[in-house]
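Have a look at the structure below, then the notes.
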Protein chains: 2
Amino acid sequence: MRAIDIIVAKRDGRELTREEIEFFIRGFTLGEIPDYQAAAWAMAVLLNGMTPRETTDLTLAMAHSGAVLDLSDVVDIAVDKHSSGGVGDKTTLVVLPLVAACGLPVGKMSGRGLGFSGGTLDKMESIPGYRCDLTTDEFKRQLKKVGIVLTGQSLDLAPADGKLYALRDVTGTVQSVPLIASSIMSKKIAGGAHAIVLDVKVGLGAFMQTLDEARTLAGLMVDIGNLAGRKVVALLSDMNQPLGHAVGNALEVREAIDTLHGGGPADFREHCLQVAAHMLVQGRCCPDLESARYAAEATIASGAAFEKFRALVRAQGGDVSYVDDPDRLPRASIIEVIPALRSGWLAEVNARTIGEAAVSLGAGRAKKGDPIDHAVGFVIHKKVGERVEQGEPLLTIHANDRGKQAEIRRMAQSAVEFSESPVRPLPLFYE
Amino acid sequence: MRAIDIIVAKRDGRELTREEIEFFIRGFTLGEIPDYQAAAWAMAVLLNGMTPRETTDLTLAMAHSGAVLDLSDVVDIAVDKHSSGGVGDKTTLVVLPLVAACGLPVGKMSGRGLGFSGGTLDKMESIPGYRCDLTTDEFKRQLKKVGIVLTGQSLDLAPADGKLYALRDVTGTVQSVPLIASSIMSKKIAGGAHAIVLDVKVGLGAFMQTLDEARTLAGLMVDIGNLAGRKVVALLSDMNQPLGHAVGNALEVREAIDTLHGGGPADFREHCLQVAAHMLVQGRCCPDLESARYAAEATIASGAAFEKFRALVRAQGGDVSYVDDPDRLPRASIIEVIPALRSGWLAEVNARTIGEAAVSLGAGRAKKGDPIDHAVGFVIHKKVGERVEQGEPLLTIHANDRGKQAEIRRMAQSAVEFSESPVRPLPLFYE
């Protein structure tokens, strides 16, 4: 078998065999197939597509390119979740404690933010001392002992995916549904997941802009899961406006803690309860979604969910005094409330524009490796569909750079649109 | 400007600007744009195509990526020729002396054979001492003094093309009409050509298998020439059966020398006269094709063409005693005449099969850098359309490896097909 024949086959639109895909991924991981051949192949995949069968074989080849975590001695059914990323998406910070507090051990490997989209690890690192670099041994030990883990992707898992993703990033081959789906699913499978809840975001602030695209990605990941013998459920949720009110790392941690205490924005709380319920059903902790949701709500009321979050932070070296008193979390030096310039119904809070403004504030990264400022961000006080009166607080900017304030104010205001007539609220979930 | 944006633009089917193409080729030549980005870009070009304007800009960017030969102090109109390659195509060995003997100085940089297709340099190196590595200074000096040059591609000329071609070869991106056309034309323009005669081969033994493909390639190269201010004429000629009778390096040199002496196969002689006539008209040496053809024929009759070939060999260090007595050229140890197994009209002599059998004999290369045996090859005694009687000599194998003889015999026989009813001869030229 030769790499070039596999490139030519995909170039000519042929379906690759499992053996060809395994040969290619193994050779690429070992460095026997050079980057330039993998780049040409990735472009051919992007332009000519892959069948679900090919995508599944690619997923499994990447999942098995390194160590594969075996969690069966810790938990009967290891349940993982994945969000396709968005603005204000701090769901994991609440869902993991909810699920763990119900008695289902849950460990998750998350990523960092890039571009307009935030990252769970960056949020957790607002808490001084919190470690995101657990080894797989530490991961398993903590999952067994504490029942909850939230760390970074281990480098031993799916190294082919890490290498291919880095190459795709610089060769214009990120935006391929089969390559996105196999990248996500290979990490989940290598991480030992038996069941996966996918939260596919759709809208202005998501990678998938239309419901059709999101449905295609979700459908493909469900197909991969089924073909690979994993239980997968996919939710399609709105990302036209930011989720909850807070956007920015420490601000989002505060909002997550509020939510664990029974407060927090209604949309965000509802979102977390639904995701948690699906995980509990998948993990056979609860017989149906209704009872699962009830169980999850009960962990908020009892304080068990908040205790799990505390235990998580403590286990990973974080200073729990910041969790107990979120006012200690990093705070910005400039806090400016922007009032509504007119009255009306809120018609749009463009999540993408808010996400990009957050990058300008320093809350996110324009490119990999950029430092971030955990303190800065936005709190958006109103949701689409709400009535707003002129002069009412619309959003609050948390900033540390006075020189940029005018530009940030202009960006934030441009994200918002009003209507003279009533506007229907955006749905939380589409499907 | 960033390389990735140019890759993404081509991925999404956008037409690239001249500035984008120049930026990409300059960066790639300097090594600032890595191979993996160029590979992804080449695959996007292959799958999404390029307009004639883009292809012309690519051609000129590659032509100007290194030194550009200026021949205007040697010849008013520098005329070059290019054949797209085939089996038994020794045309250059005859055409260059014909044209030079008519008084038009002509210098050409040629290539080596790869796969089923032979290479002019390999043929010339059948003559002991013949040098194919002239510097550009030696090239110009010899063109001025002797009026004829036939050497290898100089590394100073169009280095971007050399680098891109090597990358395309290992990334499945050779078979792209815009990339093939720009590769050919960039070398010709960097070589100082003011006018170019393109001999595009079509058929079983050519890279272009159908008349449509060949027409597309020829049309694009003519467009590039016109847009770049060069005079270009393209001929489409048959490569279903080998050109002439001889296939194999020394055998072809012998056939070329026979032709220069007024003998040689009728089809090959006619082919050479037509190509030479077009070059003479383009070089304003003759007013029209008819007079040009007459002039070229006259140089055979007078012995002037053969003298030019001798002068060429001498100038480049070759031993002219081999030209004067071609029986001294390398000879194979096994010479086996294969008779026709049946009577009938010859319906096919598959040039591709013959070319591949020649590689098996050692006359060509399976991969770059393989050594070749100048002595071996085939002489095919009949052309498609001729009547052949059972037992008549059909072809002669010239071989040096007795162990392979049975396999070679089988391959050669499988290339030949007979018909019970008369068959029309193949045309020499299609357009």
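The values are calculated or read from the model by the stated rules, or taken from the named source; none is laboratory data. Only a predicted model underlies this, so the values are computations on that prediction, with no experimental measurement involved. Heads up, the Cβs are rebuilt from the backbone with ideal geometry, glycines too, and the neighbour counts pull from every protein chain shown. Each accessible area value is taken on the protein alone, full model and side chains, heavy atoms only, with ligands, DNA and RNA left out. Shrake-Rupley method; radii C 1.70, N 1.55, O 1.52, S 1.80 Å.
Between the residues B:210, A:295, A:429, the greatest Cα displacement towards the positive end of the dipole of the protein assembly as shown, with unit charges on the Cβ of Lys, Arg, Asp and Glu, is found for A:295. Which residues does the label zone of residue B:211 cover in the stretch B:226-246, counting backbone N under 18 Å from a point 7 Å along Cα→Cβ? Within reach of a label on residue B:211, which here means backbone N under 18 Å from a point 7 Å along Cα→Cβ, the stretch B:226-246 contributes B:234-241.
Rounded to the nearest 20 debye, the dipole magnitude of the stretch A:79-324 is 660 debye, with +1 charges on Lys and Arg beta carbons, -1 on Asp and Glu beta carbons, and the Cα centre as origin.
With a 10 Å cut-off around each Cβ of A:161-170, the average count of Cβ atoms from other chains is 1. For the protein assembly as shown, the Kirkwood estimate of hydrodynamic radius, built from reciprocal distances between every pair of different alpha carbons, is 31.5 Å.
Residue B:50 contributes an accessible area of around 30 Å² to the protein surface, as traced by a 1.4 Å probe with all chains present. Near the amide H of residue A:83, within less than 5 Å, lie the amide hydrogens of A:199, all on another chain or at least 5 residues away, with H placed in the peptide plane.
Here residue A:298 and residue A:266 are evaluated by their C-beta separation; at R0 = 22 Å the FRET efficiency comes out at 0.75. Other protein chain C-beta atoms within 10 Å of residue C-beta, averaged over B:38-50: 6.
Taking all protein chains together and a 1.4 Å probe, the residues A:345, B:41 rank A:345, B:41 from largest to smallest accessible area. When the Gaussian network model of chain A links Cα atoms closer than 10 Å, the mean-square fluctuations of A:147, A:403, A:244 top out at A:403. Solvent-accessible area lost on pairing B with A (1.4 Å probe, both sides summed) amounts to about 1600 Å².
Please give me the summed charge of the neighbours of residue B:395: other residues whose Cβ is under 12 Å from its Cβ, Lys and Arg +1, Asp and Glu -1. Combined, the nearby Lys, Arg, Asp and Glu give +1.
Within the accessible area of the stretch A:31-135, the carbon and sulfur atoms contribute 50%, probe 1.4 Å, all protein chains present. Rg and Dmax of chain B, based on Cα coordinates, read 21.7, 69 Å. Solvent-accessible surface (1.4 Å probe) assigned to residue A:223 amounts to roughly 70 Å². With its label point defined 7 Å out from Cα along the Cα-to-Cβ axis, residue A:324 lies at 10.8 nm from the matching points of the other copies, in increasing order. Could you name the aspartates and glutamates whose alpha carbon sits less than 15 Å from that of residue A:308, not counting residues in the same chain fewer than 8 places away? Of all the aspartates and glutamates, those that pass the test against residue A:308 - Cα under 15 Å, at least 8 places apart if same chain - are A:258, A:297, A:319, A:324.
Axis of helix A:249-260 versus longest Cα principal axis of chain A: the two differ by about 80°, to the nearest ten degrees. Surface exposure of chain A, expressed per residue as accessible area with a 1.4 Å probe, stands at 38 Å². Helix A:211-227 and the long axis of chain A differ in direction by around 50°, with both axes built from C-alpha atoms. Phi angles across the stretch A:391-403 convert, under the Karplus curve 6.51 cos²θ - 1.76 cosθ + 1.60 with θ = phi - 60°, into 3J(HN,Hα) values of x, 5, x, 9, 8, 10, 9, 10, 9, 10, 10, 4, x Hz, Gly and Pro given as x.
Rounded to the nearest 10 degrees, the angle from helix B:177-190 to the longest Cα principal axis of chain B is 90 degrees.
Taking 20 Å as the straight-line reach from the Cα of residue A:367, the aspartates and glutamates in range (excluding those fewer than 8 positions away in the same chain) are A:89, A:122, A:125, A:161, A:169, A:356, A:401, B:5, B:32. Bridges between two residues of chain A, per DSSP, are antiparallel at a rate of about 50%. Ranking B:398, A:194 by solvent-accessible area of protein heavy atoms (1.4 Å probe, all protein chains present), from largest to smallest, gives A:194, B:398.
The charge dipole of the stretch B:332-419, taken about its Cα centre with unit charges on the Cβ atoms of Lys, Arg (+1), Asp and Glu (-1) only, comes to about 200 debye. Could you tell me whether the stretch A:293-431 comes out rounded, prolate or oblate from its Cα gyration tensor? Rule is a ≥ b ≥ c as square roots of the eigenvalues, rounded for a/c under 1.5, then prolate if a/b exceeds b/c, otherwise oblate. Here the stretch A:293-431 falls in the oblate category. Look at the dipole of the stretch B:24-129 built from charges on Cβ: of B:37, B:51, B:121, the Cα furthest out on the positive end belongs to B:121. Each copy carries a label point for residue A:5 at 7 Å from Cα along the beta-carbon vector; from one copy to the others these points are 4.2 nm apart, nearest first. Dipole magnitude for chain A: about 320 debye, using +1 per Lys or Arg Cβ and -1 per Asp or Glu Cβ, origin at the Cα centre. Each copy carries a label point for residue A:385 at 7 Å from Cα along the beta-carbon vector; from one copy to the others these points are 8.0 nm apart, nearest first. Only protein heavy atoms count here; on that basis, with a 1.4 Å probe, residue B:285 has an accessible area of about 50 Å². With 0.36 nm allotted per residue and the present C-alpha distance subtracted, the residue A:26-residue A:406 stretch has 131.6 nm of extension available. Number of Lys-Lys pairs in the stretch A:51-167 with C-alpha atoms under 24 Å apart and a separation of 8 or more places or on different chains: 17. Starting from the Cα of residue A:73, move 7 Å in the Cα-to-Cβ direction to define the label point; list residues of the stretch A:134-169 whose amide nitrogen is under 14 Å from there. The answer is A:137-145. Counting only protein chain heavy atoms and rolling a 1.4 Å probe, the accessible areas of A:284, B:314, A:112 rank, largest first, as A:284, B:314, A:112.
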